[in-house]
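Worksheet: the structure to be examined is printed underneath.
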Amino acid sequence: MRTRRFRSHQPDSRIDAEHAYTCEAVTHRDAAGQGIGSALLRQVVADIQAAGIADIYIDRHEENAASAGMMRKAGFVEIASFADPERRPNGSRNTTLCRWQAP
């Protein structure tokens, strides 16, 4: 979705630019570890860039190693972690925010 919600995390040169937020990236558990999630996420990034948006954000539970790997393989880097007990009732109860980085 198009947003300005992550303005405080935007690079200074694009602080007022519209950016994108990817709400969910999920594959069936039987497809885990096959690179399908990363490939789908890379395609989403390409589609968003084709629409003229440079900055893309996604988040996950801080302790979700599978999501962390998928996001990293698709070019996302962690930029912040914060308490998020309403969305994350289990584990650390933290959310990690990631931003897509051009290679």
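The values are calculated or read from the model by the stated rules, or taken from the named source; none is laboratory data. Nothing here was measured: the structure is a model prediction, and the numbers come from that model. Note that each Cβ is placed from the backbone with ideal geometry, even for glycine, and that neighbours are counted across all protein chains shown.
I'd like the full set of residues that are in contact with a strand residue (DSSP E or B) (Cβ under 7 Å, 6 or more places away or on another chain) and hydroxyl-bearing (Ser, Thr, Tyr), limited to region 34-80.
Answer for region 34-80, where residues must be in contact with a strand residue (DSSP E or B) (Cβ under 7 Å, 6 or more places away or on another chain) and hydroxyl-bearing (Ser, Thr, Tyr): Tyr57, Ser67.
Go through region 1-41 and report how many residues are surrounded by 10 or more Cβ atoms within 10 Å (Cβ to Cβ), among the hydroxyl-bearing types (Ser, Thr, Tyr) and within 14 Å of Tyr57 (Cβ to Cβ).
Result for region 1-41: 3.
Restricting attention to region 32-62, which residues are in contact (Cβ under 8 Å) with a residue 12 or more places away in the chain and among the polar types (S, T, N, Q)?
Result: Ser38, single match.
Given (1) of a type outside the set (D, E, K, R); (2) over 25 Å from Ala65 (Cα atoms); (3) assigned to a strand (DSSP E or B), identify the lone condition not met by Ala54.
Condition (3) is where Ala54 drops out.
Pick from Ser67, Ser81: which is of a type in the set (S, T, N, Q) and crowded, with 17+ Cβ neighbours inside 10 Å?
Working: Ser81 fails: crowded, with 17+ Cβ neighbours inside 10 Å.
Exactly one of Ser67, Ser81 is of a type in the set (S, T, N, Q) and crowded, with 17+ Cβ neighbours inside 10 Å, namely Ser67.
If I filter region 67-87 down to residues being in contact with a Ser or Thr (Cβ under 6 Å, 6 or more places away or on another chain) and part of a loop (DSSP other than H, G, I, E, B), which single residue comes out as modelled with the highest pLDDT?
Selected residue: Asp84.
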